[in-house]
Amino acid sequence: GEDVEQSLFLSVREGDSSVINCTYTDSSSTYLYWYKQEPGAGLQLLTYIFSNMDMKQDQRLTVLLNKKDKHLSLRIADTQTGDSAIYFCAESIGNQGGKLIFGQGTELSVKP
Amino acid sequence: SAVISQKPSRDICQRGTSLTIQCQVDSQVTMMFWYRQQPGQSLTLIATANQGSEATYESGFVIDKFPISRPNLTFSTLTVSNMSPEDSSIYLCSVMTGGSEKLFFGSGTQLSVL
């Protein structure tokens, strides 16, 4: 079945770049997503990328997609302490809108 | 984006009881979903809430345990029935607006079952 894998933890220093990686299995996924979850809060949609794109940039966020390797990454430039959170990668199931398979989340810790 | 309100935000319940969670959206949406996030885990889709008809459940979830209503395009409820401690989770409502690939989430309902 479909599966999404992420590393569990990442620690960076304030001002550095963070790169969170994700691999997925469903080659028919139409969209891939990054969500942010702060403690005690719901999920915030950070960004998403259409499967026929290689890259998407939105301010400090850069998403890279390697469809051949089924690899997705999220780069956060100039990481701040407010970026500390859990980041979830998710893939859409084929073209079934709203049905997402989530990774287990990467806990990003930003040290001053 | 859509503004999604979930109630209650948290609850502590006794085993064997049921809890109904409400999800209200500030605009009409085509699709509404319910997800579960077990402690320290990722999110799993429970079901798609269909307006005016029975919900569509994912593998491992059944209507008797998680009855869902969606009487209109802005409101849905999820009931967690005959609760056990294993049902302790965060339950999240999510919506997809028409023609949009964006899936938005409510702030969730944190349920603890004693």
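Just so it is clear, none of the values below were taken in a lab; they were calculated from the coordinates. Since the model is a prediction, treat every value here as computed from it, not as a measurement. Note that each Cβ is placed from the backbone with ideal geometry, even for glycine, and that neighbours are counted across all protein chains shown.
Given the condition on the phi > 0 side of the Ramachandran plot and either away from chain A (no Cβ under 14 Å) or hydrophobic (A, V, I, L, M, F, W, C) (or both), answer yes or no: does some residue in region B:76-90 qualify?
yes
Tell me, which residue of region A:20-56 that is within 11 Å of chain B (Cβ to nearest Cβ) and assigned to a loop (DSSP other than H, G, I, E, B) is surrounded by the most Cβ atoms within 10 Å (Cβ to Cβ)?
Result: A:Gly42.
Just to check your reading of the model, which residue among B:Gln6, B:Gln110 is crowded, with 17+ Cβ neighbours inside 10 Å, more than 21 Å from A:Gly97 (Cα to Cα), within 14 Å of chain A (Cβ to nearest Cβ) and under 10 Å from the mean Cα position of the chain (by Cα)?
B:Gln6
Mind listing whichever residues of region A:7-19 are of a type in the set (Gly, Ala, Ser) and crowded, with 17+ Cβ neighbours inside 10 Å?
Scanning region A:7-19 gives a single hit, A:Ser18.
Taking region A:57-72 only, how many residues are touching a Phe, Trp or Tyr at 6+ places or on another chain (Cβ under 9 Å), under 20 Å from A:Ser17 (Cα atoms) and outside any strand (DSSP E or B)?
Of the residues in that region, 0 qualify.
Out of all the residues in region B:43-57, which are within 13 Å of the chain's Cα centre (by Cα), part of a loop (DSSP other than H, G, I, E, B) and surrounded by fewer than 17 Cβ atoms within 10 Å (Cβ to Cβ)?
Listed by number, the list holds a single entry, B:Asn50.
Rundown of residues vs (1) aromatic (Phe, Trp, Tyr); (2) in a strand (DSSP E or B); (3) under 29 Å from A:Gly103 (Cβ atoms), yes/no style:
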residue	(1), (2), (3)
B:Thr20	no, yes, no
B:Val29	no, no, yes
B:Met32	no, yes, yes
B:Arg36	no, yes, yes
B:Gln41	no, no, yes
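Checking B:Glu101 against (1) on the phi < 0 side of the Ramachandran plot; (2) more than 12 Å from chain A (Cβ to nearest Cβ), which test does it fail?
(2)
For A:Lys68, are the conditions met, namely being basic (Lys, Arg) and within 14 Å of another protein chain (Cβ to nearest Cβ)?
Judged against the criteria, A:Lys68 is not a match.
Residues to consider are B:Pro71, B:Pro39, B:Pro85, B:Pro67; find the one that is surrounded by fewer than 20 Cβ atoms within 10 Å (Cβ to Cβ), within 13 Å of the chain's Cα centre (by Cα) and of a type outside the set (Gly, Ala, Ser).
Answer to the check: B:Pro67.
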